[in-house]
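The next block holds one structure in the form of structure tokens; read it before the comments.
The values are calculated or read from the model by the stated rules, or taken from the named source; none is laboratory data. Not measured: the values here are computed from a predicted model. Every residue, glycine as well, gets a Cβ built from its backbone with ideal geometry; the counts of neighbours run over all protein chains shown. Accessible surface is based on the protein model in full, side chains and every heavy atom, while ligands, DNA and RNA are left aside. Shrake-Rupley method; radii C 1.70, N 1.55, O 1.52, S 1.80 Å.
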Amino acid sequence: ASGFASAPGRGVSATVGGRTVQVGSPGRLLSDGAGQARAAAGELEDAGRTAVVVLRDGVPVGVLGITDRLRPDAAATVAALTELTGRPPVLLTGDNERAAGRLAAEVGITDVRAGLLPQDKAATVQAWERQGRRVLVVGDGVNDAPALAAAHCGVAMGEAGSDLALETADAVVVRDELATVPAVVRLSRTARRLVVQNLAIAGVFIAVLVAWDLIGTLPLPLGVAGHEGSTVIVGLNGLRLLRETAWRNTPAGGTR
């Protein structure tokens, strides 16, 4: 193959043996006259598969039916994220609605946005953000990169993820274990609480020391001890993130 070109969300094309070969979505490659190919694609989609058409010099020569395999921990991850956030995840996909709906039903997702191009995924994320929502996007493909960039936080699956997705995401799951995603959310919330606590501790110490010095006379050794003591307390409080309870249900080495 030579002259390879890829249009994210649409398909790929190349020159093979002097003939132009295109592989991609039936809705975007087939003309109105390709009735047989459309019928074959419709049968595959009715069976819950994603149909991919193959064209040679603009003429349909084949239709492929592709089925995604669910990750073993997908259903448990959906349930955990729903419990953590109070809102069930939404599936954003370029697959046809029937194939996407079949997979979503198996893991407990009811809100499915199918047939989306990369820019459509990003636009959906941006619309949620304009509504005041905090959006976390999990993805691994080139088509997911715009949505990962648009989200407040993007998480890429490292083992199978594309280079573009890995570079765009804010966090990378080194191994393909979806169970680490709710663990990261839980850990980040714990970290945020500790940061707020540390700011409050440091602020109280400084306020007391300043007030003491303004109202009376603060001995220098006591002032140094109070200031450095607050630093020690803040450090020890932050070390609570290293406790095993903070990393519960997180596979060893699963994230970075």
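Evaluated at 37 °C with a viscosity of 0.692 mPa s, what Stokes-Einstein diffusion coefficient in µm²/s does the stretch 99-256 have when Rh comes from the Kirkwood expression over alpha-carbon pairs? Numbers along the way, then the final one.
Numbers: Rh = 19.0 Å.
Translational D for this selection: 173 µm²/s.
Given a 1.4 angstrom probe, I'd like the percentage of the accessible area of the stretch 128-200 that is carbon and sulfur, rounded to a whole number.
Numbers: 1980 of 3770 Å².
The C+S portion of the solvent-accessible surface of the stretch 128-200 is 52 percent.
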Taking only the alpha carbons of the stretch 187-234, what extent do you get along each of the three principal axes, in Å, biggest first?
43, 17, 6
3J(HN,Hα) from dihedral phi, the stretch 26-36, Karplus parametrisation 6.51/-1.76/1.60, rounded to Hz, x for glycine, proline:
x, x, 10, 10, 7, 7, 5, x, 8, x, 5
Top positive-direction residue, dipole computed over the chain with Cβ charges, set Trp128, Gly33, Ala7
Trp128
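Using heavy-atom solvent-accessible surface (probe 1.4 Å) with all chains present, what is the largest-first order of Val52, Val125, Val196?
Details: Val52 25, Val125 0, Val196 80 Å².
Solvent-accessible surface, decreasing: Val196, Val52, Val125.
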Find how much the distance from Gln197 to Arg175 grows on full extension, using 0.36 nm per residue of separation minus their present alpha carbon separation; answer in nm with one decimal.
4.7 nm
Among Gly58, Ala156, Ala99 the positive-end extreme of the charge dipole of the stretch 37-188 (Cβ point charges):
Ala99
Starting from the Cα of Gln131, step 7 Å along the direction of its Cβ; do the same at Leu242; then give the gap between the two resulting points in nm.
4.3
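Calculate the translational D of the stretch 13-83 in whole µm² s⁻¹ from Stokes-Einstein, where the hydrodynamic radius comes from the Kirkwood formula applied to all Cα pairs, the temperature is 20 °C and the viscosity 1.002 mPa s.
Rounded, D is 153 µm²/s.
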The stretch 21-94 to the stretch 160-183: how many Å between their Cα centroids?
22
What relative contact order, as a whole-number percentage, does the chain give when Cα pairs under 8 Å and 6 or more residues apart are counted?
11
